[in-house]
Amino acid sequence: MAKSLDQVMKALPATRKRKIEQRSHELIEEQLTLQALRKELNLTQEAMADLLDMKQANISKVEKREDMLISTLRSYVEALGGTLELVARLPGRGPVKLEGFRDREAS
């Protein structure tokens, strides 16, 4: 008979459970949306609009996009006080940080 995840977790030693829970939290944190990042910093869409000199409705659209220009994403992340790094992960080698993606105005 198959066991449920709860049954499997209950059978594990406490140290193993803690490691699994810690790693699950790390994975969840790594997968935040732009909206979640903004909210973590206690910023409203209106505040982001002011930082990026755009309308609140445009912030809403940016946060819902699945595909956008790298420059748009960079501007959003920098407005949050962060930096954007693009990393390629290829089979058989370690992560590679991609360079050369700049705003047209900065070139």
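Brief remarks follow.
- Spatially close Lys pairs in the chain, defined by Cα atoms under 23 Å apart and a spacing of eight or more places or different chains, total 7.
- Label corresponding to Cα Rg over 2.2 N^0.38 Å when calculated from the structure given, among (i) 1.50; (ii) 2.54; (iii) 1.00: (i)
- Within the stretch 45-81, the GluC sites (Glu not before Pro) that combine a DSSP coil assignment with at most 15 other C-beta atoms in a 10 angstrom radius are E66.
- Ranked list, fewest to most other Cβ atoms within 10 Å of each Cβ, for D50, D67, D6: D67, D6, D50
- Most fluctuating residue given options T15, T83, T72, as computed from a GNM of the chain linking Cα atoms under 10 Å: T15
- Going from the residue with the fewest nearby Cβ atoms within 10 Å to the one with the most, I28, I59, I20 rank I28, I20, I59.
None of the figures in this text is laboratory data; all of them are computed from the coordinates on show. Keep in mind the model is a prediction, meaning the values are calculated, not measured. With ideal geometry, Cβ positions are generated from the backbone for all residues, glycine too; neighbour counts draw on all protein chains shown.
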